[in-house]
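Below is one structure, written out as structure tokens, with a few remarks after it.
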Amino acid sequence: MINIGVIGAGHFGKEHARVYSALASANLVAICDTDEDTGRSRAESLNVGFERDFRRLIGKVDAVSLAVPTDSHHSVACELIEAGVCVLVEKPIARSLKEADEMIALAGRHGVVLQVGHLERFNPAVIAATKIVTSPAFFEGDRLSVFTPRSLDIDVVMDLMIHDIDVVISLVRQPVAEIRASGVPVITPRIDIANARIEFANGCVANLTASRVSAERIRKLRFFQPNEYVSVDYSAQEAAMVSIERSSSAPLPQFNSRLLSAERHEPLELEIQSFLAAVAGAPVEITGQDGRNALEVALAVTDKINENLRQMHAR
């Protein structure tokens with residue numbers, strides 16, 4: 001039984017607490033939030049303790065889910081790691097590469113688990129697609145949402161696109177060679193819709209679009225590899241593959257389509273189960289370095305967009 005705390009009682013923290021409270025391998029000790037009304041309400045609904053100061057969890061828990069605003073990831077995580085507490089930090093890992101590096105190094109020195117909450121890697125459709133990936137040459141991703149007043153402390157690249165950036169990086173496993181990007185603020189002062197063209201060292205290209213100001217919700221990723229096309233629907237948790245078969249006896253290629261085996265399961269529960277397993281000694285599935293890799297590309301995309309915006313305004 002692993003003693004757990006959840007820091008941050010907002011949208012993500014509430015869901016983390018719900019999952020922990022239902023798992024036999026976890027003992028949810030307390031929920032922590034600086035907003036006492038919200039935090040205490042969440043805690044009482046699950047019949048667990050409440051703390052306003054996360055430091056009061058030290059000595060009471062083995063591990064925490066950290067679901068506070070990104071600006072606080074580094075400072076809160078570092079205090080906990082120094083105290084020997086394992087941390088599952090929501091994405092993005094931090095605001096900057098410097099902060100990410102410090103978190104990773106600190107976890108290494110203290111022998112503490114640091115896992116990053118790139119949830120889509122635990123989506124059954126992504127897991128199914130990962131098993132059949134060979135040499136992907138082109139990705140097309142669309143992650144569109146209607147506007148909601150959450151995660152407005154970060155732009156749409158850090159909020160939404162970083163999910164697809166992480167998945168693509170994990171499938172391509174090549175250095176990034178070039179990034180082109182464009183985007184605009186629409187409702188907030190930050191970038192609300194963005195498109196990025198990411199080229200890897202082996203020539204693979206990913207064209208990713210993310211929006212938090214769209215009329216509908218879409219979560220899809222498609223990629224092409226030799227003689228195969230793979231489609232991933234994150235929301236439906238379905239993955240399909242179309243393969244091309246050529247024969248000397250047939251004038252035209254044959255197209256065979258099939259659904260990949262993907263048993264529906266809540267990705268957050270799979271993520272949390274993997275974190276608990278890592279705390280118990282298993283390998284960390286989404287490491288701090290994984291989080292840093294996604295952050296590095298996301299920051300580069302944002303920099304390109306801001307550079308384009310400055311040039312537009314200068315004209």
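The values are calculated or read from the model by the stated rules, or taken from the named source; none is laboratory data. Note that the coordinates shown come from a computational prediction; the quantities given were computed from them, not determined experimentally. Note that each Cβ is placed from the backbone with ideal geometry, even for glycine, and that neighbours are counted across all protein chains shown.
Among all positions in the range 155-175, there is no residue which is outside any loop (DSSP other than H, G, I, E, B), over 21 Å from L295 (Cα atoms) and either small (G, A, S) or without any contact (Cβ under 8 Å) to a residue 60 or more places away in the chain (or both).
Residues A196, A215: which one is among the small types (G, A, S) and buried (at least 22 other Cβ atoms within 10 Å of the Cβ)? Quick ask: steps written out before the conclusion?
Details: A215 fails: buried (at least 22 other Cβ atoms within 10 Å of the Cβ).
Criteria check complete, one pass: A196.
From the list D62, D37, D71, the one residue that fits, being of a type in the set (D, E, K, R), in contact (Cβ under 8 Å) with a residue 12 or more places away in the chain and more than 18 Å from K98 (Cβ to Cβ), is D62. Screening S151 with (1) out of contact with any Asp or Glu (no Cβ under 6 Å at 6 or more places or on another chain); (2) of a type in the set (S, T, N, Q); (3) under 24 Å from D192 (Cα atoms) gives one miss only, at (1). For R258, state whether it is among the basic types (K, R), under 29 Å from I132 (Cα atoms) and either crowded, with 19+ Cβ neighbours inside 10 Å or touching a residue at least 24 places away in the same chain (Cβ under 8 Å) (or both). Taking the combined requirement at face value, the residue does not satisfy it.
Of the residues making up the range 199-212, those that are surrounded by fewer than 22 Cβ atoms within 10 Å (Cβ to Cβ) and either of a type in the set (S, T, N, Q) or over 15 Å from G141 (Cα atoms) (or both) are F200, A201, N202, G203, N207, T209. Given the criteria loosely packed, with under 11 Cβ neighbours inside 10 Å and either assigned by TED's automatic domain parsing to the domain that holds S182 or of a type in the set (K, R) (or both), does L252 qualify? Spelling it out, L252 is indeed loosely packed, with under 11 Cβ neighbours inside 10 Å and either assigned by TED's automatic domain parsing to the domain that holds S182 or of a type in the set (K, R) (or both). Annotation for the range 129-137: at least one member residue is outside any strand (DSSP E or B), surrounded by 21 or more Cβ atoms within 10 Å (Cβ to Cβ) and not assigned by TED's automatic domain parsing to the domain that holds H11.
Scanning the range 57-82 for residues being within 19 Å of A17 (Cβ to Cβ), in a helix (DSSP H, G or I) and touching an Asp or Glu at 6+ places or on another chain (Cβ under 8 Å) gives a total of 2. Among the residues of the range 225-243, those that are touching a residue at least 24 places away in the same chain (Cβ under 8 Å) and buried (at least 16 other Cβ atoms within 10 Å of the Cβ) comprise Q225, E228, V230, V232, D233, Y234, Q237, E238, A239, M241.
Among the residues of the range 283-291, are any at pLDDT below 95 and either of a type in the set (S, T, Y) or exposed (fewer than 12 other Cβ atoms within 10 Å of the Cβ) (or both)? Before the answer, list the steps.
Start the filter on the range 283-291 by keeping residues that are at pLDDT below 95, which leaves none.
Among the residues of the range 283-291, not one is at pLDDT below 95 and either of a type in the set (S, T, Y) or exposed (fewer than 12 other Cβ atoms within 10 Å of the Cβ) (or both), which makes the answer no.
The residues of the range 268-282 that are buried (at least 20 other Cβ atoms within 10 Å of the Cβ) and closer than 26 Å to D233 by Cα, listed by number, are E271, I272, F275.
Are any of the residues in the range 263-284 within 22 Å of I93 (Cβ to Cβ), among the small types (G, A, S) and free of Cβ contacts under 8 Å to residues at least 60 places away in the same chain? Scanning the range 263-284 turns up at least one residue that is within 22 Å of I93 (Cβ to Cβ), among the small types (G, A, S) and free of Cβ contacts under 8 Å to residues at least 60 places away in the same chain.
Counting only residues that are of a type in the set (S, T, Y) and in contact with a helix residue (DSSP H, G or I) (Cβ under 7 Å, 6 or more places away or on another chain), the range 77-132 holds 1 of them.
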